[in-house]
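Beneath this line is the structure, given in structure tokens, with notes to follow.
Derivation of every value follows stated rules applied to the coordinates shown; laboratory data play no part. Keep in mind the model is a prediction, meaning the values are calculated, not measured. Positions of Cβ are generated from backbone atoms using ideal geometry, with glycine treated the same way; all protein chains shown enter the neighbour counts.
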Amino acid sequence: MNTSSKILVTGGTGYIGSHTTVELIIQGYDVVIVDNLSNSELFILDRIEEITGVKPAFYDYDLTNRNQIRQIFSEHPDIKGIIHFAASKAVGESVEKPLLYYRNNLNSLINLLEEMQPAGISHFVFSSSCTVYGQPDKLPVTEHAPVKPALSPYGNTKKICEDILKDTIAGGKDINVEALRYFNPIGAHASGLIGELPRGIPNNLVPFITQTAIGIREELKVFGDDYNTPDGSCIRDYIHVVDLAKAHIVALRRMMARENKSKYEMFNLGTGNGYSVLEVIKSFEKVSGHQLNYKIVDRRPGDIEQIWADTTLANNELGWKAELGIDEMMRSSWEWEKKYRNASKKY
Ligand code: UD1
């Protein structure tokens, strides 16, 4: 355990950020969160405190403002590493508002990189995505697979951010980077106190499933059953958000133990198993006891047919392996949805 390290978590009140903050605190790290609350809620800080007994320092700041980053670093000169989650992430919205996506996602990264070195910080974990692979030619997909042209401005920002990080190190900056390529994070903390909380109509499958089951949405639309897969629906590698959160701490510790302060690594974070949309629905129905109201509709433009991860590199190099299966992912998502909605009715 490293009890002395202070970590800046950007986007720490968001879905993956809040789960990672909880794991960091449990493992003895001191956490400072910066989040502009554009897609998350302040009460998540109280929930983090309820789970861990610790309320992290919090800044409602915007990373596109360099002065605000500088202020955080000057108030916390002992920050040793950054885990950078904060980003706009809705694929459809990015098509309508590309400049917003490029401005937010690229400027935030550049500002952090420019300010971290004068502040004496050399460790950086970046949230990347399997979206950089597009539809891979070979499955399961390894980190050596070619990066394909992005299908959306959002996807493009992930690719460009990876390039910015690589070029920054190649240009001689003494920083350590772990780029973590997430597959499809779902599930919620076992306490049911934090989980995915999309604003408005969810874009992603699992929040749409749980909101349909609880009665907020009328029916789930399954986008296509004529793909070249066993049951015709798309296949993804769903990973429990708590497994994903734990990988960040392992990656951070690996960098901090390293002598050489100028290295870029990337890892696939998935389970290595692919599930179709219809299999996800079946798992949900089994663990919840609810029959889900769904219908098959046309394909969603931009969806790839199937992808799942080769996780050998993360397993061998990080010594990390996802432990929780699809039923546990669906069970915890459902527990979170029920607990959150019941509490909201009360207040
Ligand atoms: C997308 C992004 C990914 C991002 C992730 C989480 C791409 C190509 N993918 O993944 O980078 O990390 O969101 O924000 O940019 N589905 C339905 N009905 C629904 C919703 C989804 O059938 O109402 C299906 C989709 O067709 C897909 C699967 O469920 O086959 C998963 O979709 P979704 O949860 O939106 O994630 P991705 O599109 O895989």
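For ASP35, neighbours were defined as the other residues whose beta-carbon sits under 11 Å from its Cβ, and their charges (Lys and Arg +1, Asp and Glu -1) total -3. The HIS144 and ASN342 beta-carbon pair, evaluated with R₀ = 51 Å, returns a calculated FRET efficiency of approximately 0.65. Around ALA170, what is the net charge, scoring Lys/Arg as +1 and Asp/Glu as -1 over all other residues with Cβ under 15 Å from its Cβ? Every neighbour counted, the sum reads -1. Applying a DSSP loop filter and a limit of 15 other Cβ atoms within 10 Å to the trypsin sites (Lys or Arg not before Pro) in the range 307-347 leaves LYS321. Close amide H contacts of ILE33 (hydrogens built in the peptide plane, cut-off under 5 Å, sequence separation of 5 or more or a different chain): VAL9, ALA57, PHE58, TYR59.
Taking a Cβ cut-off of under 9 Å around THR212, the surrounding Lys, Arg, Asp and Glu residues balance to a net charge of -1, with basic ones at +1 and acidic ones at -1. Around the Cα centre of the chain, unit charges on the Cβ atoms of Lys, Arg, Asp and Glu (plus for the first two, minus for the last two) sum to a dipole of about 300 debye.
As a size descriptor, the averaged projected area of the C-alpha convex hull of the range 98-145 was calculated at 4.8 nm².
Counting only Cα atoms, the size of the range 1-152 along its three principal axes is 45, 33, 31 Å, in decreasing order. Beyond 14 Å, how much of the Cα-Cα pair distribution for the range 275-347 remains, as a whole percent? Here the long-distance tail beyond 14 Å is 74 percent of all Cα pairs in the range 275-347.
For the chain, what does the helix formula give at 222 nm: sum of -39500 (n - 2.57) over DSSP H segments with n ≥ 4, over the residue count, nearest 500 deg cm²/dmol? Rounded to the nearest 500, it is -12000 deg cm²/dmol.
Mind scanning LYS97/LYS339; LYS138/LYS282; LYS148/LYS286; LYS89/LYS138; LYS97/LYS282; LYS148/LYS338 and naming the pairs with a C-alpha gap bigger than 31 Å? Those over the limit are LYS97/LYS339; LYS148/LYS286; LYS97/LYS282; LYS148/LYS338.
Of the trypsin sites (Lys or Arg not before Pro) found in the range 142-240, those that fall in a DSSP loop while having at most 13 other beta-carbon atoms within 10 Å are ARG199. Relative contact order of the range 123-260: 28 percent, from C-alpha pairs under 8 Å at least 6 residues apart in sequence. Both the radius of gyration and Dmax for the range 152-310 are 18.6, 57 Å, in that order, over alpha-carbon atoms. Around the amide H of GLY134, modelled in the peptide plane, lie the amide H atoms of LYS148, all under 5 Å away and 5 or more residues distant in sequence or on another chain. Computed from phi, the 3J(HN,Hα) profile of the range 30-38 under the Karplus parametrisation 6.51, -1.76, 1.60 (θ = phi - 60°) reads 9, 10, 10, 9, 10, 7, 8, 6, 6 Hz, with x in place of Gly and Pro. With N as its number of residues, the range 179-245 has a Cα radius of gyration that, divided by 2.2 N^0.38 Å, comes to 1.27.
Compute the orientation-averaged projected area for the chain from the convex hull of its Cα atoms and round it to one decimal in nm². Display every interim value, and only then the final one.
Details: hull surface 67.1 nm².
Quarter of the Cα hull surface area: 16.8 nm².
Over all orientations, the range 1-72 has a Cα convex hull whose mean projected area works out to 4.5 square nanometres.
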